[in-house]
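Only one structure is covered here, and it is reproduced in the block below.
The values are calculated or read from the model by the stated rules, or taken from the named source; none is laboratory data. All values reported here derive from a predicted model rather than from experimental measurement. Note: ideal-geometry Cβ built from the backbone for every residue, glycine included; neighbour counts use all protein chains shown. Keep in mind that these areas ignore ligands, DNA and RNA; they rest on the heavy atoms of the full protein, side chains included. Shrake-Rupley method; radii C 1.70, N 1.55, O 1.52, S 1.80 Å.
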Amino acid sequence: MTALKYSPVLMLIILLAAPFALQGNGDAERGEGPRLIVVTPHNEQIRSEFLRGFQDWHLKQYGSPATVVWSTPGGTSEIRKLLISEYTAAASNGMPPGGNADLVWGGGSYEFGVMSKPIITQHKGEDVSTRILDVVSFTPDYLISIYGNGEIAGDPLFSKDGYWFGTALSSFGIVYNRDLLSDLSLPEPVEWASLGRPGYVGTLALVNPGMSGSVTTAFEALLERRGWTQGWRILRRMAANARSFAGSSTKGPLEVAEGAAAAAVCIDFYGRYEAQRTKAAAIRSGENPDAPGRIGYVDPPGETKIDPDPIGMLNGAPNPELAKRFIEFVLSEEGQALWQYPIAEEGIGPRRFELRRLPIRRSMYENHFDSFVDKVNPWLIARPVENPNRAMRSFITPVFQSMALDQPRLLTSAWKKIISHPDYPSDAVGVVTAEDVSNPELADMLREFDAMPEVIGPDGKVYPLSDPSVLAEVKAGWLRGGWKNDGLWPTEADPTQAFRKTSREFFRAQYEGILDMPSGGQGS
């Protein structure tokens, strides 16, 4: 009877675990010895270099071989959701956590912060708790030797509780195709607002933030640095200029390199890698090595964010000792050199791919900076956000989806009508708003285009999302379900999706209103 009773539960957990246990890459079975399973969104280049590097390091350090198996079920957001589902299902049915993989590696500090928190569910009518990540203990002296004071621009580089450890540093910027920009008579982008220019209509490759934690972080940096109001103006213009919305952060740089898109938002190392790869190919074909490459990348000065790329041990890891060793390797100078050293046939550094990422170990900048491919010291360029709003991030996905992904043609049609108005300043470099134009019709269209939804709370109280001071309260009430008993959405509905539906209807009405407006010339 017990087997029959739990068979549906076992089947559910097997289905949830399948992406971790069964997916890998062509390098997965190299080597011998104990097997380490690492769940990661990292690309083939990173997996290849760290597989070879760890195997060499482990043999040298411990005198025995070790094997790494990579599991690549999707981007960081998908991995986080799958892990939450798997661990929740196990806890709610009284089963031990994990057991399918040892480590999760790659993404941003936000995702690992979520995976560090307790998951509360019910088993046989009582509350039970579990966690996705388990604690890995290192001595304070060891952590200081890696991270110094443990912060960059006020943000932590590792979890003080031992749940995750930053392994590299990421910034977020713009990758662009110089040939396409020349054809469009557009200058190279220097800031986020550059991508909102009318000349980019139909040429941007963007990513659904709901599918990519790194893109969410890039958008969050824009909103933090440019402000909530101006940030959404820029994001809306970028979305209106988009040719596509991909489900993975790797897609944009590839489309730019292939010539399908003029520019894309991406993590720094994706942009630098494509710039390097395409230039190397051009040099091999006989082009001048001193000429700028076809692909460029820029971190918008003062508008990006430096975020650690963490690693953490999974609760219930089959091989916790080997998992800790892998973390030690990634944080060692041998592991850190893989991020920024040029390709070499011997010694430390990569063998096949220049990864073009920023190491997190402070000694690399103090002792080995001259060996870096990119002479970038993130501690010299990072600066703290002046007035951080922790609630902002939770709104990025539902607002962006309802504003853009749910009705891309309507958004672009409204934008095209605005920029085709005879009095629209076509030579403008920055964001044109209603306050910047004198024509009343054009001003009305821009005002409608930039409007943000109003959310209804308990007792009919109105919360305008144009005001960032209300975000924390709306997040707790709507997005986290705090107002679920106030009749604001159907009881069976997911509160975030209910919020998205309400926002979608608002934006649709705005865009349709713009399309219904007259669009005469000066003085009409």
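One table, with the values for the structure above:
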quantity	calculated
The chain: calculated mean residue ellipticity at 222 nm from DSSP helix runs of at least 4, using -39500 (n - 2.57)	-13000 deg cm²/dmol
Protection proxy ranking of 143-155, 218-230, 376-388 - average other beta-carbon atoms within 10 Å, highest first	218-230, 143-155, 376-388
Karplus-derived 3J(HN,Hα), 6.51/-1.76/1.60, for each residue of segment 225-232, Hz, glycine and proline x	7, 9, x, 4, 5, 5, x, 6
Beta bridges per DSSP with both ends in the chain, % antiparallel, nearest 5	70 percent
Ratio Rg/Rh, restricted to segment 304-405 and using Cα atoms, in which Rh is the Kirkwood radius	1.08
Solvent-accessible area per residue for segment 176-223 (1.4 angstrom probe, square angstrom)	28 Å²
Simple label model, 7 Å out from Cα along Cβ direction - Asp436 to Leu59, nm	5.9 nm
Net length gained if the chain between Asn377 and His123 were fully extended (0.36 nm per residue, minus Cα distance)	86.5 nm
Under 18 Å from Lys501, Cα to Cα: aspartates and glutamates that are on another chain or at least 8 residues apart	Asp406, Glu454, Asp486, Glu492, Glu512
Calculated log₁₀ intensity ratio I(q)/I(0) where the Debye formula runs over C-alpha points of segment 381-524, q = 0.13, 0.22 Å⁻¹	-0.69, -1.27
Shape category assigned to the chain from the gyration tensor of Cα positions, a/c cut at 1.5	oblate
Simple spin-label estimate for Asp494 and Ser92 in nanometres, 7 Å along Cα-Cβ	1.3 nm
Cα pair distances of segment 246-378 binned at 10 Å [whole percent]	11, 32, 35, 18, 4, 0
Counting all C-alpha pairs of segment 362-420, share separated by more than 14 Å (%)	75 percent
Zone residues, segment 469-487, relative to Glu505, backbone N less than 20 Å from point 7 Å out along Cα-to-Cβ	474-475, 477-487
Percent accessible area from carbon and sulfur atoms, the chain, protein chains only, probe 1.4 Å	51 percent
Entries in Lys305/Lys375; Lys81/Lys117; Lys305/Lys417 that, when Cα-Cα distance is taken, lie over 23 Å	Lys305/Lys417
Packing rank of 48-57, 500-509, 183-192, where each peptide gets the mean count of other beta carbons within 10 Å, highest leading	48-57, 500-509, 183-192
Accessible area per residue in Å² at 1.4 Å probe, computed on segment 303-401	40 Å²
Distance (nanometres) between label positions extended 7 Å along Cα→Cβ at Val462 and Ala153	3.6 nm
Inverse mean reciprocal Cα-Cα distance (Kirkwood Rh) of segment 30-156, Å	16.9 Å
